[in-house]
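Enquirer: Structure incoming, see below.
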Amino acid sequence: MSQKPSLFIFDWDGTLVSSLDLLFKAHNHTRETLNYPMWDKKTYLSLDVFASARDIFPEFYGDDWRQAEEIFYKFIADHHMQNLTPMPYAEAFLESLKSNHIPCVVISNKNNDYIQKEIDALNWRSYFAGALGAGVSEADKPHVTHAHALLEMHNLDKELLENALFIGDAITDVQCAQNLGIPCYVIGEPLNKGEAAVYKDLRMLADEYSYLHVA
């Protein structure tokens, strides 16, 4: 791939930082508190847990979803900073994009306040032209409203989307990329959907671009 993308759009959890176990624990804490059956890891991984809470909590918790959301986010607030771990090669990938003057942004369905705190805790603010979590725009990922709101909030030209790439790890990311009309590359395990190329990690994705040097 020789042409430089105009913009890299990153998901956050599971793409740039490892948070799968934290989210799993948060859901089971919520379910235990509300006397719901606990999930095993296989069941958890079969669900679209990276969708926006306002979209999936009514499905997961029925009429208790608002209480469940409060319990869930209280657990996340108490634990997310202690469990903040970059994914392999994430910082090196971001550094290489910065060296090549390729802008990148973060679009996540994690609460926006947590996203901003985590970016600052990792000292990654300088890597991003903007970042937007859930609950700020009219709708969250996979809706295009989320991406458009981010661009507008950070005074970024929508023309950047014409040659942009979406990097994520969940079906929500693939759907968002499709809605934006741009390619999506999945980091991690195949989603068995066939709509996106899959790379084991960010270093393997970087190998597709001669100008990105990630070790």
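Enquirer: Among the residues of the range 142-152, is any in contact with an Asp or Glu (Cβ under 8 Å, 6 or more places away or on another chain) and closer than 26 Å to SER18 by Cβ? Before the answer, list the steps.
Expert: Going residue by residue through the range 142-152, those that are in contact with an Asp or Glu (Cβ under 8 Å, 6 or more places away or on another chain) are 142, 145-146, 149, 151.
So of that shortlist, the ones also closer than 26 Å to SER18 by Cβ come out as 142, 146.
Looking through the range 142-152, at least one residue is in contact with an Asp or Glu (Cβ under 8 Å, 6 or more places away or on another chain) and closer than 26 Å to SER18 by Cβ.
Enquirer: Any idea which of (1) out of contact with any helix residue (DSSP H, G or I) (no Cβ under 8 Å at 6 or more places or on another chain); (2) free of Cβ contacts under 8 Å to residues at least 40 places away in the same chain is the one ASP173 doesn't satisfy?
Expert: ASP173 satisfies all of (1) out of contact with any helix residue (DSSP H, G or I) (no Cβ under 8 Å at 6 or more places or on another chain); (2) free of Cβ contacts under 8 Å to residues at least 40 places away in the same chain except (2).
Enquirer: OK, next. Only one of LEU122, LEU132, LEU97 is under 19 Å from THR172 (Cα atoms) and either in contact (Cβ under 8 Å) with a residue 60 or more places away in the chain or surrounded by 18 or more Cβ atoms within 10 Å (Cβ to Cβ) (or both); which?
Expert: Working: LEU122 fails: under 19 Å from THR172 (Cα atoms); LEU97 fails: under 19 Å from THR172 (Cα atoms).
Exactly one of LEU122, LEU132, LEU97 is under 19 Å from THR172 (Cα atoms) and either in contact (Cβ under 8 Å) with a residue 60 or more places away in the chain or surrounded by 18 or more Cβ atoms within 10 Å (Cβ to Cβ) (or both), namely LEU132.
Enquirer: Specify which of the listed residues (ILE187, ILE182) is out of contact with any Cys (no Cβ under 6 Å at 6 or more places or on another chain), crowded, with 21+ Cβ neighbours inside 10 Å and not basic (Lys, Arg).
Expert: On the way: ILE182 fails: crowded, with 21+ Cβ neighbours inside 10 Å.
Matching residue, one of ILE187, ILE182: ILE187.
Enquirer: Condition (residue is assigned to a helix (DSSP H, G or I) and in contact with a Ser or Thr (Cβ under 6 Å, 6 or more places away or on another chain)) applied to the range 51-68: is it met by at least one residue? Can you show your working first?
Expert: So the first thing to find is which residues in the range 51-68 are assigned to a helix (DSSP H, G or I), and the list is 53-68.
Cutting the leftovers down to in contact with a Ser or Thr (Cβ under 6 Å, 6 or more places away or on another chain) gives us 68.
Scanning the range 51-68, I find at least one residue that is assigned to a helix (DSSP H, G or I) and in contact with a Ser or Thr (Cβ under 6 Å, 6 or more places away or on another chain), so the answer is yes.
Enquirer: Okay, next question. Any idea which of (1) assigned by TED's automatic domain parsing to the domain that holds TYR127; (2) of a type in the set (Val, Ile, Thr); (3) within 20 Å of ASP173 (Cα to Cα) is the one ILE56 doesn't satisfy?
Expert: Condition (1) is where ILE56 drops out.
The values are calculated or read from the model by the stated rules, or taken from the named source; none is laboratory data. Source: prediction; values computed, not measured. Here the Cβ is made from the backbone with ideal geometry for all residues, glycine too, and neighbour counts use every protein chain on show.
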